[in-house]
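Chemist: What follows is a single structure, and I will ask about it in a moment.
Just so you know, all these numbers are worked out from the coordinates, no wet-lab data involved. Source: prediction; values computed, not measured. A quick note on method: Cβ atoms are made from the backbone with ideal geometry, for glycine too, and the neighbour counts reach across all protein chains shown.
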Amino acid sequence: MTKAIDCLVNVDFGDQKMPSWMTRVKEDYFKGGDDFFKSPELPQLLEGMDANGVDKAILLTKVRSEGDRAQQYTEAQPDRFRLGVGGFDLLKPMKTVRNLESFVRDNPVAYAIVGPSFWGDGMYPASDAVYYPLFTKCCELDLPLCINTGIPGPPLPAEAQHPMHLDRVCLRFPELKLVMAHGADPWWDVAIRLMIKYRNLHLMTSAWSPKRLPDSLLHYMRTRGKKKVLFASDLPVLSMERCIGEANALDLDDEIRSGWLHDNAAALFFGAAAENASGDAG
């Protein structure tokens, strides 16, 4: 069984009040059952990881949270988990960068994450200067930053998540390790072209069924993007069992599959290789 790192796992859905749009899309978009918002207990999560060859996972938390489920699990199993931190108030830039720096100092953080469609009524794409303090701080901390791209499942404004907004960001912040989270549908070809253009840009297949990944992305993974694409389930949106099973069924050789499922994330988020997980010539 190919080892895997699940780069995006939600463990606190059951611990927070969900907005009404999230409750609606649970059934009509995510096709989630009654236990969709149920938070997994640590033994249950570890059992699922072990059964599917997932040796490490990155759990989402918020920068203002203290001792939430993700942080508890990471403290209990530091060899298995790291944190992805979001929840930034980007309209208060100094508070944001101070909170991030403090959080990174005190916790094992793999990356920061923002979703342009999910705050500010979708009015601020990643190219907006409101993000620049966060970009700068991530560069200073050598911390990767994930930015949601593609049309979101919930009924939220989508244009802010067009990957083309990252063109100017990559150009102005070449030191910033950027990851397009949740794929880039329906703009996959734009995302691929940008990854060819910029060494510092990657893509995470979180929330995407592997069997539904486009042929253009699979071709890119086999050729110029061997070190650019990262695996994630976005549990509970998709189960580890489903994602790993479908990933292993794809027509990929062992080197490409191992890079996607494990090695690229190990290099980018866990410092497991000296070589930056970039792979492309500009």
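Chemist: P(r) tail for the chain, what percent of Cα pairs lie past 34 Å?
Modeler: Values: 4467 of 39621 pairs.
Here the tail beyond 34 Å accounts for 11 percent of pairs.
Chemist: Right, something else. If the elastic network links every pair of Cα atoms under 10 Å, which of Asp28, Asp12, Asp128 fluctuates the most in the Gaussian network model of the chain?
Modeler: Asp28
Chemist: If contacts are Cα pairs under 8 angstrom and at least 6 residues apart, what is the relative contact order of the chain in percent?
Modeler: Numbers: 523 pairs, mean separation 53.6, N = 282.
Relative contact order comes out at 19 percent.
Chemist: A follow-up question, please. Please give me the summed charge of the neighbours of Trp187: other residues whose Cβ is under 14 Å from its Cβ, Lys and Arg +1, Asp and Glu -1. Before the final figure, lay out the partial values.
Modeler: Numbers: positive: Arg193; negative: Glu159, Asp167, Asp185, Asp189.
Spelling it out: positives minus negatives among the neighbours equals -3.
Chemist: Which one, Phe36, Ile58, Gly120, projects farthest toward the positive side of the charge dipole computed for the chain from Cβ point charges (K/R +1, D/E -1)?
Modeler: Going by the Cα projections, it comes out as Gly120.
Chemist: Using the charge dipole of the chain (Lys, Arg: +1 at Cβ; Asp, Glu: -1 at Cβ; taken about the Cα centre), state which of Cys139, Phe270, Leu83 has its Cα farthest towards the positive end.
Modeler: With unit charges placed on the Cβ atoms, the residue in question is Cys139.
Chemist: Placing unit charges on C-beta atoms (Lys and Arg positive, Asp and Glu negative, everything else neutral), compute the dipole magnitude of the chain about its Cα centre in debye, rounded to 20.
Modeler: Working: 32 positive and 38 negative charges, 148 e Å.
Taking the Cα centre of the chain as origin, the dipole is about 700 debye.
Chemist: Asp142: net charge of surrounding residues, Cβ under 9 Å, Lys/Arg +1, Asp/Glu -1, itself excluded? Before the final figure, lay out each step's value.
Modeler: On the way: positive: Lys177; negative: Glu140, Glu175.
Here the count lands on -1.
Chemist: Springs between alpha-carbon atoms under 10 Å, Gaussian network over the chain: tell me which of Gly259, Gly67, Gly53 tops the mean-square fluctuations.
Modeler: Gly67
Chemist: Right, another one. Using 0.36 nm per residue, how much length does the chain from Arg168 to Val130 gain when fully extended, once their Cα-Cα distance is taken away?
Modeler: 12.3 nm
Chemist: Specify whether the C-alpha gyration tensor of region 79-174 places it in the rounded, prolate or oblate class, a ≥ b ≥ c being the square roots of the eigenvalues: rounded for a/c under 1.5, otherwise prolate if a/b is larger than b/c and oblate if not. Don't skip to the answer; put the middle values down first.
Modeler: Numbers: a/c = 1.66, a/b = 1.43, b/c = 1.16.
Prolate.
Chemist: Divide the volume of the convex hull of the Cα atoms of region 41-129 by its number of residues and quote the answer in cubic angstrom per residue. Intermediate results must be reported in sequence, preceding the final value.
Modeler: On the way: hull volume 10.2 nm³, N = 89.
That works out to 115 Å³ per residue.
Chemist: Rounded to the nearest 500, what is the 222 nm mean residue ellipticity of the chain from helices alone, with -39500 (n - 2.57) per DSSP H run of 4+ residues and division by all residues?
Modeler: Numbers: 11 runs with 97 residues, N = 282.
-9500 deg cm²/dmol, from helical runs alone.
Chemist: Here's another thing I want to ask about it. What are the ³J(HN,Hα) couplings of region 7-22, residue after residue, when phi is run through the Karplus curve with 6.51, -1.76, 1.60 and θ = phi - 60°? Round to Hz, x for glycine and proline.
Modeler: Going residue by residue, I get 7, 7, 10, 9, 10, 10, 4, x, 9, 9, 7, 7, x, 4, 5, 6 Hz, with x marking Gly and Pro.
Chemist: Can you list the lysines whose alpha carbon sits under 30 Å from that of Lys95, skipping same-chain ones fewer than 8 residues off?
Modeler: Lys17, Lys62, Lys137, Lys177
Chemist: Whole angstrom only: what separates the Cα centroid of region 241-268 from the Cα centroid of region 123-176?
Modeler: 26 Å
Chemist: According to a simple spin-label model (label point 7 Å from Cα along Cα-to-Cβ), what is the distance in nm between Gln72 and Asp253?
Modeler: The answer from the label model is 4.7 nm.
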